[in-house]
1. Compute the Cα gyration tensor for the stretch 15-70, then decide on rounded, prolate or oblate, letting a ≥ b ≥ c be the square roots of its eigenvalues: rounded whenever a/c is under 1.5, prolate when a/b is larger than b/c in the other cases, and oblate in all that remain.
2. If you take mean projected area of the Cα convex hull in nm² from the coordinates, which of [x] 23.5; [y] 14.5; [z] 16.5 do you get?
3. Taking the radius of gyration and the Kirkwood hydrodynamic radius from Cα positions alone, what is the Rg/Rh ratio for the stretch 144-192, to two decimal places?
4. Counting just the Cα atoms, what span does the stretch 80-139 cover along each of its three principal axes? Round to the nearest Å and put the largest first.
5. Restricting to DSSP H runs of at least four residues, report the calculated mean residue ellipticity at 222 nm for the chain, -39500 (n - 2.57) per run over all residues, nearest 500 deg cm²/dmol.
6. Set the Förster distance to 25 Å, then compute FRET efficiency between Asp36 and Ala84 from the Cβ-Cβ distance, nearest 0.05.
7. For Val135, what accessible surface area do you get with a 1.4 Å probe? Give it in Å², rounded to 10.
8. Starting from 0.36 nm per residue, how many nanometres of slack lie between Ala182 and Ala229 once their C-alpha separation is accounted for?
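The values are calculated or read from the model by the stated rules, or taken from the named source; none is laboratory data. Please read all numbers here as calculations on a predicted model, not as lab measurements. Neighbour counts run over all protein chains shown; Cβ positions are idealised from the backbone, glycine included. Areas reflect the complete protein model, heavy atoms only, side chains present, ligands, DNA and RNA absent. Shrake-Rupley method; radii C 1.70, N 1.55, O 1.52, S 1.80 Å.
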Amino acid sequence: MALLCLPDAASREAVALLDNPDTCLIDASTAFRIADGWTYGLPELAPGQRERIRQSKRIANPGCHASAFVMLVRPLIDAGLLPADYPLSAFSLTGYSGGGKTLIQEYQAAEAGRLSAPRPYAMNMTHKHLPEMRVHGGLESSPVFNPVVGPFLKGLAVTVPLHVSRLAPGASGAMIREAYLAHYAGERFVNVMPLQDEASLDHGFFDVQGANDTNRVDLFVYGGEEQLALVARLDNLGKGAAGAAVQSMNIHLGLDEASGLAVR
């Protein structure tokens with residue numbers, strides 16, 4: 001088994017050099033996340049995905065933003081609550097480690113105050129995670145996606161706003177939470193939080209870093225009768241990156257899925 005942590009072009013070159021069909025590759029780049037012959041490394045995606053990871057020799061590790069987005073959206077598509085043609089938007093706030101070593105060095109070397117405010121990016125609406133968000137989210141088109149990097153090392157939360165009137169007839173926040181509970185039943189790394197979970201808020205403010213140092217995803221449903229805010233929180237270096245790769249590795253090798261990973 002080999003884990004590749006390379007830029008897209010280098011990953012494609014490395015994969016092309018491999019001539020042993022028995023070697024399993026887990027690739028962390030965006031090069032193969034919707035490619036034929038590759039399995040998306042998100043075990044909680046849908047029934048049978050864990051077995052596909054176990055059998056596959058080519059596993060594409062999901063992106064951090066995409067993991068959170070897909071885990072919010074896919075269960076609702078599969079349950080018939082969210083139409084596949086819904087014009088979704090998503091907002092993501094993430095720590096600067098998601099930008100790799102260059103951005104980490106920039107933040108750590110920055111003069112006081114220069115990078116102290118959150119900074120929206122990918123303003124051309126072509127973020128590299130969009131293809132996997134569309135395909136593995138089960139959507140007909142990509143969401144309007146607004147990522148923002150914050151002045152903290154790690155932690156990520158994706159928020160997807162919804163108009164209840166555009167959902168399936170009779171849909172509600174409670175039904176969405178029930179769909180999450182059904183979809184993720186028995187999943188050790190997924191916490192479906194109580195509806196309108198006030199206990200997770202600090203005087204009304206949401207803690208983006210609340211899942212740090214774990215391989216956990218926390219799912220929240222906030223809002224009222226007309227509008228909802230769905231939120232997925234994870235550690236962008238954990239379940240959003242290295243933790244996800246280790247989880248897929250454990251599954252493929254037949255090990256305890258949580259081996260080496262922090263659940264709580």
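1. The shape class here is oblate.
2. The listed entry that was calculated here is [y].
3. Values: Rg = 14.7 Å, Rh = 13.8 Å.
Using Cα coordinates only, the ratio equals 1.07.
4. Largest first, the stretch 80-139 extends 49, 21, 20 Å along its Cα principal axes.
5. Rounded to the nearest 500, the figure is -8000 deg cm²/dmol.
6. Computed FRET efficiency for Asp36 and Ala84 comes out at 0.75.
7. 60 Å²
8. So the extension gain works out to 15.0 nm.
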